[in-house]
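The block underneath contains the structure these notes are about, expressed in structure tokens.
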Amino acid sequence: MPTSGIVDNVMAGYIAGGLAKAEQDGAAAVVIELNTPGGALDATSRITSSLLEAPLPTIVWVAPAGSRAASAGTFITLSAHVALMAEGTNIGAATPISSSGEDIPGSLGQKVRNDAVANITAIAQARGRNVEWAVATVTEAKSSSAAEAVAVGAVDGIANTIEEVLRAASGRTVSVRGRATPLALAGAEVRNLPMNPLQAFLHLLSDPNVAFILFTIGFYGLLFDLQNPNFVTGILGALAIILAFVGFGSLPLNVAGLLLIGLGIVLFVLEATVTSHGLLTVGGLVAFALGASALYTTPGDPTAPDVSVALPLVVGMTAVTGLVMGLIAVAAVRSRRLAASPALVGSNAPGPGTLGEVRHPLAPVGSVYAAGEEWTARSVDGRPLERGAPVRIVAREGLVVIVEPAGRPGGSPDPSTVGPGA
């Protein structure tokens, strides 16, 4: 069972379901390949309970090289019947912290720490592991390499491949619900049991980079909806933000970082309505980049897991946001110039001297047909003019043309300059 990422309730459900299916299929044992920086205490408790009460032998294998079983991962690894680690992995740093990634202060912090100490002590005793080392991972945030963990009796051995895992576990006798159960796994068939698509999707949301991307896409959608109201971008944007907050629920979210991103969004919205010559966009980009960099917090202990948005992602999303806002700013400036310049509106309107014909009587405002189009018009001296009367344009006020009676010898307008009659 490949298990990586933040420890959350999705992972807890996946492990519990996998153990039940393995028992149903008659598996000889379950191997959980673990790589986690830690996670929620309630989800950790669910997983350790599943492993301690498992109906068949369980093996937690911290792998591949470069992986870790930090914080909650320490509890999970110690709960297995057999605990193995690949070379280049580490385990420990299990001090409880708040959801914001900081130490829990006061009596509440002491209460949570004492509970964690009691919990990890009970787990280590139940599995015959080094209790003193296990307690130190909570009280001192102790962390050990794979070799050191084997040397102090925290885990059972080193294994770099699944074949080595099976050989290392084979021949051992473990207690499964009080029954001595020998393991004969050498050469056993290995079946992979990944998360189902829904579990994989929900667990993906707990990735700090994915949650940040969803939040950013969501704000893009809402911003576009404000500029051009429609159902699609607004609904998709709101959905993306909701999914982002689902992920934030499993991460050490820094409210200050979230507020900075929110400030950036507000400045971007104002840029489309206020003339700032780009200053609001620049301020919004600064707030956005700082907020993304500080979106998650980590405890002060250097051995604690690092949860943050990848720097290349921060730079890339800030650059894309700057490009989008630049295009919006240019469009807004052009729109304002058009609105402020009547000469640009109706620039195809007929000029002075153009002849036309009254379409709707001028009393005193009506319309005339001239230069191939119908225009709102009024007479220069306010006199009424009947439908069909020939006129000459003498001026223009915006989209309204000012006309005077006109004619040619014979009393009818020049047919070469007048459009077809009604």
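The values are calculated or read from the model by the stated rules, or taken from the named source; none is laboratory data. What you see is a predicted model; the values in this text were computed from it and never measured. Backbone-built Cβ (ideal geometry, glycine too); neighbour counts: all protein chains shown.
Worth a mention:
- Odd one out for Val210 among (1) assigned to a helix (DSSP H, G or I); (2) more than 30 Å from Thr3 (Cα to Cα); (3) free of Cβ contacts under 8 Å to residues at least 40 places away in the same chain; (4) among the aliphatic types (A, V, I, L, M): (2)
- Residues in the range 21-32 that are outside any loop (DSSP other than H, G, I, E, B), touching a residue at least 12 places away in the same chain (Cβ under 8 Å) and not charged (D, E, K, R) were compared, and the one that is nearest to Ser145 (Cα to Cα) is Ile32.
- Leu41 meets all of the listed conditions (1) surrounded by 18 or more Cβ atoms within 10 Å (Cβ to Cβ); (2) of a type outside the set (Gly, Ala, Ser); (3) within 16 Å of Val174 (Cα to Cα) but one, namely (3).
- Flag: Ser71 matches the condition of being in the same structural domain as Arg113 (by TED's automatic domain parsing) and touching a residue at least 12 places away in the same chain (Cβ under 8 Å).
- Residue count, the range 134-164 (criterion: touching a helix residue (DSSP H, G or I) at 6+ places or on another chain (Cβ under 8 Å), surrounded by fewer than 20 Cβ atoms within 10 Å (Cβ to Cβ) and not aliphatic (A, V, I, L, M)): 3
- Among the residues of the range 33-72, the ones that are over 29 Å from the mean Cα position of the chain (by Cα) and part of a strand (DSSP E or B) come to 4 in all.
- Restricting attention to the range 240-294, the residues that are of a type in the set (Phe, Trp, Tyr) and closer than 21 Å to Gly5 by Cβ add up to 2.
- Ala370 being closer than 30 Å to His277 by Cα and modelled with pLDDT under 90: no
- Residue match in the range 207-222 (condition: more than 21 Å from Thr318 (Cα to Cα) and not acidic (Asp, Glu)): no
- Annotation for the range 147-162: at least one member residue is free of Cβ contacts under 8 Å to residues at least 12 places away in the same chain and closer than 25 Å to Leu19 by Cβ.
For (1) within 37 Å of the chain's Cα centre (by Cα); (2) modelled with pLDDT under 90; (3) assigned by TED's automatic domain parsing to the domain that holds Thr48, each residue gets a yes or a no:
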residue: Ser79; (1), (2), (3): yes, no, yes
residue: Ala86; (1), (2), (3): yes, no, yes
residue: Ser100; (1), (2), (3): yes, yes, yes
residue: Gln110; (1), (2), (3): yes, yes, yes
residue: Val117; (1), (2), (3): yes, yes, yes
residue: Ala124; (1), (2), (3): no, no, yes
residue: Lys142; (1), (2), (3): yes, yes, yes
residue: Ala151; (1), (2), (3): no, no, yes
residue: Thr161; (1), (2), (3): yes, no, yes
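- Some residue of the range 198-219 being crowded, with 20+ Cβ neighbours inside 10 Å, of a type in the set (S, T, N, Q) and at negative phi: yes
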